[in-house]
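Below you'll find the structure, written out as structure tokens, and then a few comments.
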């Protein structure tokens with residue numbers, strides 16, 4: 001009986017204050033909806049970051065010259081990595097593919113059109129390591145690397161700037177004043193939060209070193225590992241190998257650094273998760289204190 005009396009009293013109170021009841025319900029609905037929206041935005045951001053990094057490759061290590069960075073400052077020479085270092089890495093257990101990379105900005109011209117883009121010298125395995133797919137033509141092969149051939153594959157951004165909707169494969173372009181034949185065009189990967197992977201031209205690493213930019217060192221070495229579980233072992237093995245090849249004494253800082261993309265993914269996930277929780281907490285506090293309804 002007491003329960004029924006409470007229900008009747010509550011119902012009479014609601015009917016007597018229809019406007020206040022409606023506003024209270026509306027406030028609760030808006031507050032709860034806002035919390036759900038904040039959580040959904042955070043989860044969406046986390047998914048987008050994960051997908052962006054997955055385009056690069058999750059079972060991937062990237063070796064760069066110079067000591068580990070502190071903010072935007074890095075110590076050590078930028079000329080410490082070579083293609084010979086990369087060949088030795090291929091012998092490490094758990095390593096599937098290896099590709100050194102030489103990266104320089106350059107001017108690319110076709111007819112009366114030109115574009116300033118990243119000219120990347122690589123090996124044939126680079127496309128598989130970094131999950132690139134060809135839309136037309138082919139990638140260069142080992143023979144073309146050995147012979148310093150002037151062949152090029154265009155990213156879609158460069159292709160669109162120079163050729164628009166036209167066919168690019170088979171045409172000749174000039175890169176830094178040198179004639180190159182286009183043998184392929186990449187499928188678009190889509191811009192990530194920090195760069196456009198489609199805004200680059202790929203050429204043999206030997207051609208880049210000997211015929212374009214006159215350098216013996218490389219800027220990166222990309223390593224694809226057989227599985228994510230083997231990344232810690234491979235990372236440690238690469239470090240031991242390079243320290244031995246570069247004759248770095250024990251206790252002295254390495255003249256290279258190794259980036260593990262699984263750590264990068266985990267950091268981004270934790271950051272977005274914390275941000276989502278913070279937004280939801282702030283919204284819940286506002287809802288609790290009643291400030292949302294003023």
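The values are calculated or read from the model by the stated rules, or taken from the named source; none is laboratory data. No experiment lies behind these values; they were computed from the predicted model shown. Cβ placement follows ideal geometry from the backbone for every residue including glycine, while neighbour counts extend to all protein chains displayed.
Remarks
- Residues satisfying the stated conditions in segment 132-155, i.e. surrounded by fewer than 20 Cβ atoms within 10 Å (Cβ to Cβ) and outside any loop (DSSP other than H, G, I, E, B): 134, 135, 136, 137, 142, 143, 144, 146
- The residue of segment 173-190 that is modelled with the highest pLDDT, among those that are assigned to a loop (DSSP other than H, G, I, E, B) and within 17 Å of residue 135 (Cβ to Cβ), is 187.
- Count of segment 91-124 residues which are within 24 Å of residue 226 (Cα to Cα) and over 23 Å from the mean Cα position of the chain (by Cα): 3
- Filter result (out of contact with any helix residue (DSSP H, G or I) (no Cβ under 8 Å at 6 or more places or on another chain) and part of a loop (DSSP other than H, G, I, E, B)) within segment 198-214: 213, 214
- Residue under evaluation residue 47, criteria (1) in the same structural domain as residue 241 (by TED's automatic domain parsing); (2) under 18 Å from the mean Cα position of the chain (by Cα); (3) under 23 Å from residue 188 (Cβ atoms); (4) at pLDDT below 95, criterion not met: (1)
- Across segment 215-226, the qualifying residues are those that are assigned to a strand (DSSP E or B) and in contact with a helix residue (DSSP H, G or I) (Cβ under 8 Å, 6 or more places away or on another chain), and the one among them that is nearest to residue 101 (Cα to Cα) is 221.
- Within segment 78-131, the residues that satisfy the criterion of being part of a loop (DSSP other than H, G, I, E, B) and under 17 Å from residue 239 (Cβ atoms) are 80, 81, 90, 91, 92, 93, 94.
- Identity of the residue in segment 197-207, more than 17 Å from the chain's Cα centre (by Cα) and under 18 Å from residue 115 (Cα atoms), that ends up surrounded by the most Cβ atoms within 10 Å (Cβ to Cβ): 203
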